[in-house]
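A.B. asks: Once you've had a glance at the structure underneath, I'll fire off some questions.
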Amino acid sequence: QVQLVESGGGLVQAGDSLRLSCAASVRTYYPMGWFRQAPGKDREFVAAISWSGGSTDYTDSVKGRFTISKDNAKNTMYLQINFLKPEDTAVYYCAAAIRGAWPASRQSNYFYWGQGTQVTVSS
């Protein structure tokens, strides 16, 4: 059983930066990812990182602004978000996969999910 806890969300202005964190209760040995759900929209893939951290994947709309990373010693994954835009407003969820499929953009790859952290970007 893996418990995931996100933190770092908040209310920011366009152009600001945030770093989201996802603390896992135990070490995971499969990909982890970030997803987000904007009001009235389906949850969508944002970024994923392999267990080693050597491979990353991003949805096109965040490439160049978002950076996913992890610290296996701390069982923690991060999402650095720069140049925030109002359209980045969403609840951000972290997730842990239970198999090593890569790329890991499909929600069906993930079994464990955090409770989400709200990111609100004002224009």
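A.B. asks: Only one of (1) more than 24 Å from Ile98 (Cα to Cα); (2) touching a strand residue (DSSP E or B) at 6+ places or on another chain (Cβ under 6 Å); (3) small (Gly, Ala, Ser) fails for Ser7. Which number is that?
C.D. replies: With respect to (1) more than 24 Å from Ile98 (Cα to Cα); (2) touching a strand residue (DSSP E or B) at 6+ places or on another chain (Cβ under 6 Å); (3) small (Gly, Ala, Ser), Ser7 is out only on (1).
A.B. asks: If you don't mind, there's one more thing I want to ask. Of all residues being over 18 Å from Asp57 (Cβ atoms) and of a type in the set (Gly, Ala, Ser) in region 70-118, which is modelled with the lowest pLDDT? Just the residue, please.
C.D. replies: Only one residue tops the list, namely Ala73.
A.B. asks: Before we move on, is Arg43 charged (D, E, K, R), open to solvent by 20 Å² or more (accessible area, probe 1.4 Å) and touching a Gly at 6+ places or on another chain (Cβ under 6 Å)?
C.D. replies: Numbers: charged (D, E, K, R): yes; open to solvent by 20 Å² or more (accessible area, probe 1.4 Å): yes; touching a Gly at 6+ places or on another chain (Cβ under 6 Å): no.
It is false that Arg43 is charged (D, E, K, R), open to solvent by 20 Å² or more (accessible area, probe 1.4 Å) and touching a Gly at 6+ places or on another chain (Cβ under 6 Å).
Rundown of residues vs (1) open to solvent by 30 Å² or more (accessible area, probe 1.4 Å); (2) out of contact with any helix residue (DSSP H, G or I) (no Cβ under 9 Å at 6 or more places or on another chain), yes/no style:
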| residue | (1), (2) |
| --- | --- |
| Tyr29 | yes, yes |
| Arg36 | no, no |
| Ala47 | no, no |
| Val62 | no, no |
| Thr76 | no, yes |
| Ala90 | no, yes |
| Tyr93 | yes, yes |
| Ala97 | no, no |
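A.B. asks: Out of (1) more than 18 Å from Gln1 (Cα to Cα); (2) in contact (Cβ under 8 Å) with a residue 24 or more places away in the chain; (3) of a type in the set (Gly, Ala, Ser), the odd one out for Ala97 is which?
C.D. replies: (1)
A.B. asks: Going by what's in this entry, would Ser25 be described as among the hydroxyl-bearing types (Ser, Thr, Tyr) and either open to solvent by less than 20 Å² (accessible area, probe 1.4 Å) or touching a strand residue (DSSP E or B) at 6+ places or on another chain (Cβ under 7 Å) (or both)?
C.D. replies: On the way: among the hydroxyl-bearing types (Ser, Thr, Tyr): yes; either open to solvent by less than 20 Å² (accessible area, probe 1.4 Å) or touching a strand residue (DSSP E or B) at 6+ places or on another chain (Cβ under 7 Å) (or both): no.
Spelling it out, it is not the case that Ser25 is among the hydroxyl-bearing types (Ser, Thr, Tyr) and either open to solvent by less than 20 Å² (accessible area, probe 1.4 Å) or touching a strand residue (DSSP E or B) at 6+ places or on another chain (Cβ under 7 Å) (or both).
A.B. asks: Going through Leu20, Leu11 one at a time, which residue ends up being open to solvent by 20 Å² or more (accessible area, probe 1.4 Å), of a type in the set (A, V, I, L, M) and within 15 Å of Phe83 (Cα to Cα)?
C.D. replies: Leu11
A.B. asks: Tell me the strands (runs of 3 or more DSSP E) entirely within region 56-123 that contain at least 1 residues that are under 12 Å from the mean Cα position of the chain (by Cα) and of a type in the set (S, T, N, Q).
C.D. replies: The qualifying strands (runs of 3 or more DSSP E) are 56-58, 66-71, 76-81, 117-122.
A.B. asks: Which residue, of Ser17, Ser55, is closer than 21 Å to Ser123 by Cα and touching a Phe, Trp or Tyr at 6+ places or on another chain (Cβ under 9 Å)?
C.D. replies: Ser17 is the lone residue from the list that is closer than 21 Å to Ser123 by Cα and touching a Phe, Trp or Tyr at 6+ places or on another chain (Cβ under 9 Å).
The values are calculated or read from the model by the stated rules, or taken from the named source; none is laboratory data. None of these values were measured; they are calculated from a predicted model. Note that each Cβ is placed from the backbone with ideal geometry, even for glycine, and that neighbours are counted across all protein chains shown. In case anyone asks, the SASA skips ligands and DNA or RNA and just uses the protein heavy atoms, side chains included. Shrake-Rupley method; radii C 1.70, N 1.55, O 1.52, S 1.80 Å.
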